[in-house]
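Data first, discussion second: the structure below is written as structure tokens.
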Amino acid sequence: MTPALHSPVGRILPRHASSLVQEALADTRVVLVNGARQSGKSTLVIQVSGRTSEWRSLDRPSIRRAAEADPTTFVREEGMLVIDEVQRVPELLLAIKEVVDLDTRPGRFLLTGSARLLSLRSIPDALPGRMETIELWPLSQGEIDERPDGFVDAVFELGPELRHQSALDRNSYIDRIVRGGFPEAIARTGRRREAFFDNYIADLVNRDVIQISEIERVPELRTLISMLAAQSGQLLVPGTLASRLGLPQSTVSRYLALLEEVFLIKRIPAWSRNLSARAVSTAKIALVDSGIAANLLGQDALGLRRPDSQIGGLLEGFVAMEIARQLTWSRTRAELFHYRTKDKVEVDLVLEDRRGRAVAIEVKASATVRAEDFKGINHLETRLGDDLIAGIVFYTGSETLSFGHKKRAVPISALWELGVD
């Protein structure tokens, strides 16, 4: 039975991923919507699949027991079968493979998952060539506001001709950081929102992480999560984290991989024209949701408005994850990096498309921008030349300002308020 549509925010918000899912179902036998818990996967799948599809949620113990006892019979269905939280019974994938090898019609199975299936060691076969995976993140700012969310396409199309004027100020961005993008968090305020974030982390550790892998030191894992929130926008050095936690580096590296698999953190690799160097260079870290990051640091909106607050790293992580969301649906096929030299010249974020064109991005919590804020961008331009199509400093002011050839200071809200036809 298909569940009733429900949204904590009082209305069903349109998701950019819905068209991607519909397109995939038209030509692919198995489609997986993968993403963090509470990010709206079930709501999206109900919208796309309609009322005629058979729906089975593996979060229900009775349904899960039936799937475990007889996977072959469980997946036998004439029409589309929707299976929610499929990672809870990974044995189903072999049964699904058998069905779709005999019946090659597209749209046979629509799955949801809260962990990266290709990374799970218990997955016997990940349906190569038969399944398309679409990632769903917590709501973007554009989805919340019902705005275009088109910065990535706009900047690669317009370059330094990009223009934007914003009505938002620094306090508005702080409110958005502490709210985050989970529908339940958006619908709450104050202590009730904090309670949601606290319970989210507890459930993530106690259910998803422990299901994926046996964890010997749960208290240390919780401490690691808080440490990662404090390092938002900074380099991720597992050895340093291991020393501070008193754990082997191999254990910390395994825990970091698990946190990626359940969509809590995202690594942003270092940019280099040398592809092999990218693989070994130090990544930066961002929590997938800024509201969770702020809550782990004990920061509310009032605290972040203080002059000595930790807004810098949180704001950079907020911007990085808004861009990461857009990359899942933008027409421009690009990847997200950061840039740092041995001499510690840095650029917060670098977008590079398949043609080698790049956009360099700095993030500032200030409402003013100075020429020296483009230092890292200027350095990167000497390496890239014409391949650098724009250098952007995102800031909390209201106007787009020119700082020379290709270089612009742009209000942060351009991320979700800009669109291209």
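Observations, loosely collected:
- Residue selected from the stretch 254-271 under the condition under 23 Å from Val347 (Cα atoms), in contact (Cβ under 8 Å) with a residue 40 or more places away in the chain and not aromatic (Phe, Trp, Tyr), by the criterion surrounded by the fewest Cβ atoms within 10 Å (Cβ to Cβ): Pro269
- Of all residues in the stretch 161-186 being assigned to a helix (DSSP H, G or I) and among the small types (Gly, Ala, Ser), the one that is farthest from Val420 (Cα to Cα): Ala185
- Condition check for Glu335: acidic (Asp, Glu) and in a helix (DSSP H, G or I): no
- Residues in the stretch 196-224 that are of a type in the set (Ser, Thr, Tyr) and within 22 Å of Gly113 (Cα to Cα): 2 in all.
- Residue satisfying condition, being over 29 Å from Asp208 (Cα atoms) and either of a type outside the set (A, V, I, L, M) or not in a loop (DSSP other than H, G, I, E, B) (or both), within set Ser243, Ser309: Ser309
- Restricting the first member to the stretch 361-382 and to residues that are in the same structural domain as Glu335 (by TED's automatic domain parsing), and the second to residues that are surrounded by fewer than 21 Cβ atoms within 10 Å (Cβ to Cβ) and of a type in the set (Val, Ile, Thr), the beta-carbon pairs closer than 7 Å and six or more apart or on different chains are Gly376/Val345; His379/Val345.
- Against the test of being aliphatic (A, V, I, L, M), within 29 Å of Ser309 (Cα to Cα) and at pLDDT below 95, the options Val363, Val345, Val369 yield a single qualifying residue, Val345.
- Among residues of the stretch 10-31, those that are in a helix (DSSP H, G or I), farther than 16 Å from Arg325 by Cα and either among the polar types (S, T, N, Q) or without any contact (Cβ under 8 Å) to a residue 24 or more places away in the chain (or both), counted: 2
The values are calculated or read from the model by the stated rules, or taken from the named source; none is laboratory data. All values reported here derive from a predicted model rather than from experimental measurement. A quick note on method: Cβ atoms are made from the backbone with ideal geometry, for glycine too, and the neighbour counts reach across all protein chains shown.
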